[in-house]
Amino acid sequence: MRIRAGYATDIGKVRDGNEDSFLAEHPLYAVADGMGGHLGGEVASHLALETLERLSEEGREDLSERIRRANDAVFERSVRDRNVSGMGTTLTAAVVAGDELHLAHVGDSRAYLLRAGDLRRLTEDHTLVARMVKAGEITQGEAEVHPHRNVLTRAVGTEPDVDVDESRVALLDGDRILLCTDGLTGMVPEQQLRAILESEPDPQQAAHRLVKAANRAGGVDNTTVVLLDVHGDDPSEDPARDARPGVPRALGSAARRYGLRAGMVVAIVAALLVALRVYADRQWYVGEHGGHVAVYQGIPATFGGFRFSHVSIDTDIDAAQAEALPLYADLASGITANNLQEAQAIVDQIRRDVRAGSQGQPAGISPSP
Ligand code: MG
């Protein structure tokens with residue numbers, strides 16, 4: 001089986017942090033929804049997936065045992081570090097093994113199978129309301145609007161031990177598997193999920209559309225989606241070539257591990273460039289421009305093709321004459337100043353030293369006033 005994956009994670013419209021994490025490292029796919037305050041939620045979902053990924057790379061144990069080990073890691077950390085005490089996470093993981101999908105699950109994130117137009121839920125929510133529905137105390141409709149619908153009866157990392165639900169699905173050509181956090185299923189009815197999954201053939205586009213639908217419906221929670229499209233149409237497929245299909249390999253593994261999308265990396269770089277620009281606008285230096293000494297605003301550097309300075313004051317002092325003096329030999333690379341006044345003082349000093357130099361006097365005075 002060949003897998004094409006798509007994924008998306010989004011902070012939503014209300015929360016000010018994203019405590020969801022996901023993994024898309026063929027053959028392992030997972031979503032996790034952390035809880036326990038901002039820091040705790042983020043740490044719990046990252047740590048659980050990090051542990052799961054590491055154990056999977058080592059090829060140790062089966063999927064449920066790896067999740068129990070992830071439980072140990074999160075629980076031990078929450079006991080040791082009181083900044084994150086009480087944290088926990090949901091975890092819904094899938095491993096593609098030949099023609100089979102192995103699922104392991106704790107919490108209220110979900111796995112679905114879209115097959116031949118039918119959307120089937122593969123996991124059971126470990127919530128108080130799901131238990132009440134099962135016991136016949138409330139209806140499914142009442143559960144969906146119940147004030148305690150977010151209360152989990154099971155999570156990874158909140159107790160020393162955890163029960164893991166396990167199941168297996170025999171995969172067929174054309175199957176589409178959806179792993180998602182409750183930010184999606186709490187906002188978008190299953191009928192609409194099915195419609196989006198049915199109408200968008202590209203898994204990456206479909207993942208984006210699902211997140212968009214959750215945000216359009218209010219986006220009250222973080223939403224994370226991992227989609228797997230199963231293609232059984234190429235029996236000659238070389239398993240080595242099959243590694244990490246649909247996952248951009250250029251992304252660093254840390255970026256994938258922490259659920260950073262390429263777009264987020266671009267946004268972070270852009271933010272850094274803006275920050276550098278703002279910082280640069282408050283800096284000054286004396287340099288060379290068009291053969292003359294000049295005062296620049298900015299820093300004497302370029303980064304990724306961006307210049308972080310511009311000429312503020314041009315002078316008529318010959319740059320070559322200034323550079324001939326030992327004190328100003330590296331004028332071309334910029335003599336930095338703390339402010340405009342200091343830059344002007346440096347220019348005045350250069351002017352005096354150049355004059356003195358041309359009159360045959362040694363230059364040895366500090367450029368600072
Ligand atoms: Mg959530």
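Over what distance in Å are the Cα centres of the range 272-350 and the range 157-193 separated? Distance between centres, Cα-based: 58 Å.
I need the helices of the chain that pass two filters: whole DSSP H segments spanning 20 Å or more by Cα along the axis, and mean Kyte-Doolittle score no lower than 1.6. Present the calculation step by step, with values, prior to reporting the outcome.
On the way: long enough: 37-57 (30 Å, -0.08); 63-80 (26 Å, -0.83); 262-280 (27 Å, 2.28); 340-358 (27 Å, -0.48).
The qualifying helices are 262-280.
For the range 106-156, applying the loop criterion from DSSP together with a ceiling of 13 other beta carbons within 10 Å to the GluC sites (Glu not before Pro) yields GLU137.
Determine the shape class of the range 284-356: with a ≥ b ≥ c the square roots of the Cα gyration tensor eigenvalues, call it rounded for a/c under 1.5, and otherwise prolate if a/b is greater than b/c, oblate otherwise. Prolate shape, in that a/c is at least 1.5 and a/b is the bigger ratio.
Rounded to the nearest 500, the helix-only mean residue ellipticity at 222 nm of the chain stands at -10500 deg cm²/dmol, with each DSSP H run of n ≥ 4 adding -39,500 (n - 2.57). Amide H contacts of ASP20: GLY34, each under 5 Å away and 5 or more positions distant or on a separate chain (H built 1.01 Å from N in the peptide plane; Pro and chain starts excluded). Here's how it looks for ALA301: its modeled amide H is under 5 Å from those of PHE308, which are all 5 or more places away or on a different chain.
Since every read-out is calculated from the coordinates, none of them should be taken as a lab result. Given the structure is predicted, the values throughout are model-derived calculations rather than measurements. Every residue, glycine among them, receives a Cβ derived from its backbone with ideal geometry; neighbour counts consider all protein chains shown.
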